[in-house]
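Colleague: Questions regarding the structure given below will be posed in turn.
Nothing in this text is a laboratory measurement; each read-out follows from the coordinates by a stated rule. All values derive from a computational prediction rather than experimental measurement. So basically every Cβ, Gly included, is an ideal-geometry build from the backbone, and we count neighbours across all protein chains shown.
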Amino acid sequence: MLNIERGENNNQFVELNTESVSYLGNMDYGTPESTSDEIVSLVIDNKTVRTKAGNSILRACIEAGIHLPKLCATDSVNAFGSCRLCIVTTNMHRKPVASCHTLVAEGMEVVTQSNKLAKLRKGIMELYISDHPLDCLTCPANGDCELEDMAGVVGLREVRYGEGENHLKLKKDTSNPYFTYDASKCILCSRCVRACDEVQGTFALTIEKRGFDSKVSPSDHQSFIDSECVSCGACVQACPTASLMEKSVIEFGVAEDKKMTTCAYCGVGCSFWAEHKGEQVIRMTPAKQGKANEGHSCVKGRFAWTYATSEDRITTPLIRDNINDEWKPVSWDEAFTFAANKFKELQKKHGIDCIGSITSSRCTNEETYLIQKLTRAAMGNNNVDTCARVCHSPTGYGLKKTFGTSAGTQNFKSVGESDVVMFIGANPTDAHPVFGSRVKQRLRQGAKLIVVDPRKIDLVQSAHIKADHHIPLKPGTNVAILNAMAHVIVKNNLQDQNFLEERCDSQLYQNWLEFIKQSKNSPEAVAQYAQVDPQVIYDAAVLYATGGKAAIYYGLGVTEHSQGSSTVMAIANLAMLTGNIGKEGVGVNPLRGQNNVQGACDMGSFPHEFPGYRHVSDDKTRTQLAKEWQADLRSEPGLRLPNMFDAAIAGDFKGMYIHGEDPAQSDPNTLHVAEALSAMECVIVQDLFLNETAKYAHVFFPGSSFLEKDGTFTNAERRISRVRKITNPLAGMADWEVTQAFSNALGYPMNYSHPSEIMDEVARLTPTFSNVSYQLLDEKTSVQWPCNDENPDGTPLMHMDKFVIGKGQFMLTEYVPTLEKSGAKFPLLLTTGRILSQYNVGTQTRRTENSQWHNEDILEINPTDAESRGISDGDWISLDSRVAKTKLRAIATDRIPPGVVYTTFHHPDSGVNVITTELSDWATNCPEYKVTAVQVNKLYESSTT
Amino acid sequence: MEANKLLLMAENICANFSAYPEEQRTQQTITHIEQFWTPAMRKDLKSDFSTNEQAYSPALKLVVKKI
């Protein structure tokens, strides 16, 4: 029988200090949790423990409160078994085994402490420390170093090995702007390499060479900055020593406290621990408890938060009578009085409808709710809109029409169950990187991939990922392609008849069936103008319909078209047709561009809807809100954002309160926007910075960053997460307090003492939010709406048994070509997108070190088109559209098909939105950013301006 | 607002309901305009229609007459 040393008979073991293995409360279970439903019972140190089958012994120990020393194990990556510190003995193994990569078994008896184990562990640690700098007191990781902790845990007091060949003088790589790699402190545990592979999916790191020469190497012996590393921070997060270390920790020392908050970048809505020392934020580390990101991050959320303390933050209210005057710094009270008097005078002179408000998806739910309330109750009209107008308003329209709810159907985790994933007009590895990594994990497990995009995005082919079908359609033909896919499915009888009969409106389906079967919707017909091989459409359709659980994810490449809303409805039709709704692994999922697009829409920031997507003409809702808000409310919709600008140019619209939005840079045809803003008599901008729009403003209210206020964001999964105040507002007031004070100055009283009271009001007045409270969010970290008596813990998956609207509504989606056409004068089609390191118009990221990766917008052009114009990589080119012209540099790449050019819009200098047209989605007026006919010509005079 | 823009918006709405039978197409377009346009925009469109009917498609003419 096995010789098992029993712990209870020996009092010489070093007791593990459980406090020391948890920095600021970060619990690490050593290995990932098994997904098995089976429970196994085993005995650990004479204690009966129950855990999931498939868990490691290490995890079972830690779950039971028995802490083992470990270095190479961390619960974000699979077990590796290299350090051997976590060795245990069991009744099922002859020799000590690494508990991290030995699975639990029924009836297993485990001993974690014995003289033999203690000696082995101490010997291991001694070897590690013999080749490690003994500079703990001055090491930036002091207090947050697992190696240091483990040395203490195993009771290492001396190192017997004398000086010899070692790695102590290896050169430090400081090339990355956010973290350093100190090879002398590397213990070759491979956690960084595994994190890059398994969590991020970039495969940028490797352990090169063997034995004593082994070392971590980014890409092919490159520095971090020159390598394929995407600076997601997963390696830094995984590193148990100071080998990979944030520069902010090196500069400021380890944090003293932390609070969980929500990232203010994209719609993934990652949870972060904001670690701080008083008013100094030290670092942002991704929270494992965050259900959207589960401990992962991207370069923006992890590192690019320093814009919050950028030197050009405005911290004093400013006013001026004329936009050509100098700004005059004033007190908050003076600014509120000035602004309120201006607005009141304008309404007195030009009528109630001459002013309005714009809120932003960067605002919290509570801020947005207050702005729409201020507009409807204090201004007395419905002229409120949000920047979701220019990104995902078609999602709201299309999904409400078909499913009954203006939101995506799944949670992010659902993609882990998908057999087929289809991306349409979305580039998640750049724009929603943490979700992109999650998708890549699933694809590496074998899920099939369809990409519908003119451009070869990274997912089409990257490390260990290859799309099964890429449909490189001509910009503007989304509806045609989706109709053709549906046509193939119907013609081949691949539809889910049971789902259709049980879940969908039969008459509407029959009408749609008649429409979709028409030959104009066949792949052969569509291929003529979509410029794709009909066989690819056919193959993709068959895969989507027959490949198992199929999920669709889409982005602005769907919505920002003249048929954005039709495309969303065509997607919904496709999902209903194949029964891919109402279960794990399927669904229709908009990838929201900004952090709170979903929330801004939920909170009633559209001119036709109150909070909870209830039309202003709904008497019951309007009566309830009027009573609660003590105000007369209009039953007719107000002006949309582009309509406000048109009305301003026509002389009918005179004043605008703009919070957190920069339409002078981000909206299409910015010359038109500038003309409209110039025509107004009072523009109020509330922002962190004097942005482009502020050039046309008369009042500037200094805003507060997401680190300076309390509130909530709602991500693309409908997940409501807390934003927590880490530091005090630099300007003295949080944004919600500014809006409240402005409302009071306008004569409409608001008296909230904390954003939680605003959310309480939202919950009281909005059926889908009725159970939401800060207390609930504190308890559960986050909840997905609907969260009410029917779904007290929220709703991860929508439309499980029936659609919100009852029966699914098939909509006829006629393909209507855009009016923006290429021709002799403008032969190319420009489409736009994002790059990983920058965000939208760059207001935040351009003020960080992220610009090291991308400091200008570059035009991508197919080599054929480049050659015919004499354009070489790096050449300056002119980019001319019917609206205006700009210039930028170009590179030739076959990522983009002939006839199409592509660029980003992160830098105001490039003026990409100067040339985009005012054409917009037929249903929502969402601008058609993704299709602009252009001509590209080489500029022979060198220019850097 | 500029009449040309309103006309373009209205024609776009009409075109995107073009797969429906005439009666449904007309009603869907009317409902859409009533749900999303301000009264002033609707009034401006009707005003333009009264002097510029020849620029309106047959489908939109049916709509504007019923707004």
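Colleague: By how many degrees, 0 to 90 and rounded to 10, does the Cα axis of helix A:393-402 deviate from the longest principal axis of chain A?
Modeller: Its long axis makes an angle of about 90 degrees.
Colleague: Using mean Cβ contacts within 10 Å as the protection proxy, how do A:880-886, A:62-68 order, highest first?
Modeller: The packing order, highest mean first, is A:62-68, A:880-886.
Colleague: While we're looking at this one, here's another question. Which value in deg cm²/dmol, rounded to the nearest 500, describes the helix-derived mean residue ellipticity at 222 nm for the protein assembly as shown, given -39,500 (n - 2.57) per DSSP H run of n ≥ 4 and division by the residue count?
Modeller: When only DSSP H runs of four or more count, the value is -9000 deg cm²/dmol.
Colleague: So if I place +1 on the C-beta of Lys and Arg and -1 on the C-beta of Asp and Glu, and nothing else carries charge, what would the dipole magnitude of segment A:828-944 be about its Cα centre? I want it in debye, nearest 20.
Modeller: 160
Colleague: A further question follows. Specify whether the C-alpha gyration tensor of segment A:442-600 places it in the rounded, prolate or oblate class, a ≥ b ≥ c being the square roots of the eigenvalues: rounded for a/c under 1.5, otherwise prolate if a/b is larger than b/c and oblate if not.
Modeller: rounded
Colleague: Of the listed peptides A:734-743, A:366-375, what is their order by residue-averaged count of other C-beta atoms within 10 Å, with the highest listed first?
Modeller: Highest to lowest by the protection proxy: A:366-375, A:734-743.
Colleague: Projected onto the charge dipole of the protein assembly as shown (+1 at Lys/Arg Cβ, -1 at Asp/Glu Cβ, origin at the Cα centre), which of A:Thr693, A:Tyr538, A:Pro472 gives the Cα projection farthest towards the positive end?
Modeller: A:Tyr538
Colleague: Which whole number of Å³ per residue matches the convex hull of the alpha-carbon atoms in segment A:23-113?
Modeller: Per residue, the Cα convex hull of segment A:23-113 comes to 90 Å³.
Colleague: What is the antiparallel percent of DSSP beta bridges lying wholly in segment A:393-590, to the nearest 5?
Modeller: Percent antiparallel among DSSP bridges in segment A:393-590 is about 10.
Colleague: Tell me the relative contact order for chain A as a rounded percent, counting alpha carbon contacts under 8 Å between residues six or more apart.
Modeller: Dividing the mean separation by the residue count of chain A yields 12 percent.
Colleague: Could you pull out every residue, at least 5 positions away or on a different chain, whose amide H is within less than 5 Å of the one on A:Lys52? Hs are placed 1.01 Å off N in the peptide plane, and Pro or chain starts have none.
Modeller: Amide H neighbours of A:Lys52, under 5 Å, 5+ apart: A:Val40.
Colleague: Still on this structure: Taking K and R as +1 and D and E as -1, what net charge do the other residues with C-beta under 13 Å from the C-beta of A:Phe645 add up to?
Modeller: -4
Colleague: Residue by residue through segment A:813-825, which ³J(HN,Hα) values in whole Hz follow from phi under the Karplus form 6.51 cos²θ - 1.76 cosθ + 1.60 (θ = phi - 60°), with glycine and proline marked x?
Modeller: Calculated HN-Hα couplings, in order: 10, 5, 6, 10, x, 5, 6, 7, 10, 7, x, 4, 7 Hz.
Colleague: How shielded is B:11-17 by partner chains, expressed as the average number of their Cβ atoms within 10 Å of its Cβ atoms?
Modeller: Mean partner shielding for this stretch: 6.
Colleague: For A:Met108, list long-range residues whose amide hydrogen, built 1.01 Å from N in the peptide plane, is under 5 Å from its own amide hydrogen.
Modeller: When sequence neighbours closer than 5 places are left aside, the close amide H contacts are A:Val43.
Colleague: Rg/Rh for the protein assembly as shown: what does it come to with C-alpha atoms and Rh from Kirkwood?
Modeller: A ratio of 0.99.
Colleague: Taking 0.36 nm per intervening residue step and subtracting the Cα-Cα distance, what contour gain separates A:Asn115 from A:Ser506 on full extension?
Modeller: 133.4 nm
Colleague: Averaging sequence separations of C-alpha pairs under 8 Å and six or more residues apart, then dividing by the length of segment A:667-763, give the relative contact order as a whole percent.
Modeller: 17
Colleague: Compute the long axis of helix A:755-765 from its Cα atoms, compare it with the longest principal axis of the Cα atoms of chain A, and write down the angle in degrees, 0 to 90, nearest 10.
Modeller: The angle comes out near 60 degrees.
Colleague: Dipole size in debye (nearest 20) for segment B:3-66 around its Cα centre, Lys and Arg Cβ +1, Asp and Glu Cβ -1?
Modeller: Using only the charged Cβ atoms, the result is roughly 120 debye.
Colleague: Partner chain Cβ atoms within 10 Å, averaged over the residues of B:32-43 - can you pull that number for me?
Modeller: Partner-chain Cβ atoms within 10 Å, mean over residues of B:32-43: 5.
Colleague: Next question. Ranked from highest to lowest mean number of other Cβ atoms within 10 Å per residue, what is the order of the peptides A:746-755, A:562-571, A:832-841, A:857-866?
Modeller: The packing order, highest mean first, is A:562-571, A:832-841, A:857-866, A:746-755.
Colleague: Taking the simple approach of a point 7 Å from Cα along Cα-to-Cβ for both B:Thr51 and A:Asp778, what is their distance in nm?
Modeller: Between B:Thr51 and A:Asp778, the label points sit 6.3 nm apart.
Colleague: Does anyone have the angle between helix B:39-52 and the longest principal axis of chain B? Alpha-carbon axes, 0 to 90°, nearest 10?
Modeller: Its long axis makes an angle of about 90 degrees.
Colleague: Can I ask one more? Work out the charge dipole of segment A:698-789 with +1 on the Cβ of Lys and Arg and -1 on the Cβ of Asp and Glu about the Cα centre, then indicate which of A:Ala734, A:Phe706, A:Leu746 is farthest towards its positive end.
Modeller: Farthest towards the positive pole: A:Phe706.
Colleague: Quantify how strongly other chains surround peptide A:234-247 by giving the mean number of their Cβ atoms within 10 Å of each of its Cβ atoms.
Modeller: If you average over the peptide's residues, the count of other-chain Cβ atoms is 0.
Colleague: I've got another one for you. With unit charges on the beta carbon (Lys/Arg positive, Asp/Glu negative), name the residue among B:Ala59, A:Val588, A:Ser41 whose Cα is farthest towards the positive pole of the charge dipole of the protein assembly as shown.
Modeller: Going by the charge dipole, the pick is A:Ser41.
Colleague: Oh, and also: Rounding to the nearest 20 debye, state how big the charge dipole of segment A:393-590 is about its Cα centre with +1 on each Lys and Arg Cβ and -1 on each Asp and Glu Cβ.
Modeller: 340
Colleague: Given points 7 Å out from each Cα along the Cα-Cβ axis, report the A:Gln461 to A:Glu326 separation in nanometres with one decimal.
Modeller: Inter-label distance under the simple model: 6.0 nm.
Colleague: How long, wide and thick is segment A:828-944, going by the Cα atoms along their three principal axes, in whole angstroms, largest first?
Modeller: The Cα atoms of segment A:828-944 stretch 39, 38, 25 Å along the principal axes, largest first.
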